[in-house]
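Read through the structure below, which is laid out as structure tokens, and then see the notes.
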Amino acid sequence: MHNYPEGVNTHAGIVMVGSANMDIVLGVERIPAPGETVLATSLAKHPGGKGLNQAVAAARAGATTTMIGAVGTDENGNELETVMTEAGIDARMLRHVAEPTGTAMISVDTTGENAIIVASGANATITTLTDNELDAVRGATVLLMQLELPISAVAQAARAARSAGGTVMLNAAPALEVPDELIDALDYLIVNEHEATVLSGEADLSDASRSLADRVNRLVVTLGTQGSELWDAGKLIATVPARRVTAVDTTGAGDTFCGAFAAAISQGRDFETAARFATAAAALSVQTHGAVPSIPHREQIEAVLAS
Ligand code: RIB
């Protein structure tokens, strides 16, 4: 007998175990070097956090999505919860804790490139999952996670979903070393170039990709304007080109890719089709400022794919 809040969908397509942050975004001519002060050209506040961004991307791409995470009992926490519910995400398991809601300080330069510092706040309180949260994880078609929550909770969720036969997907961002037991529980690993080298301990990207591809069933290495590489059972099976667009803000582009990709996989699309769908979603996202505000809906993604 499970104790779900009334009406919680225990077979949600995607269960997100991830972070939620309020992003403070500073537009700059160029990202400051160590020891340097620069003047910002703009200041904005947007909902963000890798978990929230990816959950919104999955929901807007048409997947039933449940969020497991934590916010503070503050104004930012309320705003982020509203963003989740407005996106159609089931946020009834979201924890409200005494620590402040996570905050990210983001500089975005004139080419759309960014640098991010995260104060974890409430996110850091999720060191273990409750029985109810684990039950929800076991009901997931796809469990999607990143590394902005304590690794203990991420590993626990991965084990639970794996033992229940769900598909376990990790976007290993931000770049951290990850215990072998977590890597071993993954069906899909999604990394960018930097994350691939940190995670594998290999300085060369092709060595890094090969080494990671040998450890997980399926690997996606995103390469920014160079597209992405898809690896299956240790072999490079496809390279998906990026779409040529003018980027104004790349914040959340990787998250949009991951959420849209997870949505497509949860809906039964094959690996390469899901990656093409996610690539189109990410291309749309870089053309608008902010993380959550830039995440496209399914119809927009389909229109790009059809064009
Ligand atoms: O990936 C972008 C996200 O990273 C931002 O929204 C910020 O909150 C950090 O988590």
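Dividing the helix sum by the residues of the chain, where each DSSP H run of 4 or more adds -39500 (n - 2.57), gives a mean residue ellipticity at 222 nm of -10000 deg cm²/dmol. Per-residue Karplus couplings for the range 87-99, computed as 6.51 cos²θ - 1.76 cosθ + 1.60 with θ equal to phi - 60°, are listed in order as 7, x, 7, 6, 10, 6, 9, 4, 7, 10, 10, 6, 5 Hz, Gly and Pro entered as x. Using only C-alpha atoms and all pairs of different ones, pull out the Kirkwood radius for the range 140-284 in Å with one decimal. Computed over Cα pairs of the range 140-284, the Kirkwood hydrodynamic radius comes out at 15.1 Å. Quick one: pull the percentage of alpha-carbon pairs in the range 81-214 with a separation above 26 Å. Tail of P(r) above 26 Å: 31 percent of Cα pairs.
Ranked by the mean number of other Cβ atoms within 10 Å of their residues, highest first, the peptides 293-302, 124-133 come out as 293-302, 124-133. Overall, the ratio between the Cα radius of gyration of the chain and 2.2 N^0.38 Å, rounded to two decimals, is 0.93. Diffusion coefficient (Stokes-Einstein, Kirkwood radius over C-alpha pairs, 10 °C, 1.306 mPa s) for the range 187-268: 120 µm²/s, rounded to a whole number.
Arranged from highest to lowest average of other beta-carbon atoms within 10 Å per residue, in what order do the peptides 54-61, 149-156, 27-34 appear? Walk me through the intermediate numbers first.
Working: 54-61: 31.4, 149-156: 19.2, 27-34: 12.1.
Ranked from most to least packed, the peptides come out as 54-61, 149-156, 27-34.
Taking one equal scatterer on every alpha-carbon of the range 16-141, how large is log10 of I(q)/I(0) by Debye at q = 0.11, 0.16 1/Å? Here the Debye-derived log intensity ratios amount to -0.42, -0.79.
The Rg/Rh ratio for the range 69-128, using Cα coordinates for both the radius of gyration and the Kirkwood hydrodynamic radius, is 1.06. The range 59-133 to the range 185-223: how many Å between their Cα centroids? So the two Cα centres are separated by 26 Å. Computed on the chain, with alpha-carbon pairs under 8 angstrom and 6+ residues apart, the relative contact order is 19 percent. Dividing the convex hull volume of the alpha carbon atoms of the range 142-182 by its residue count gives 56 Å³ per residue.
Take each of the peptides 244-253, 135-144, 109-118, 188-197, average the number of other beta-carbon atoms within 10 Å over its residues, and list them starting from the highest.
135-144, 188-197, 244-253, 109-118
For the range 246-307, the Kirkwood radius over C-alpha pairs fed into Stokes-Einstein at 4 °C and 1.567 mPa s yields D = 115 µm² per second.
Bear in mind these aren't lab numbers, they're just calculated from the coordinates by the rules spelled out. Only a predicted model underlies this, so the values are computations on that prediction, with no experimental measurement involved. No Cβ is skipped: glycine too gets one built from the backbone with ideal geometry, and neighbour counts run over all protein chains shown.
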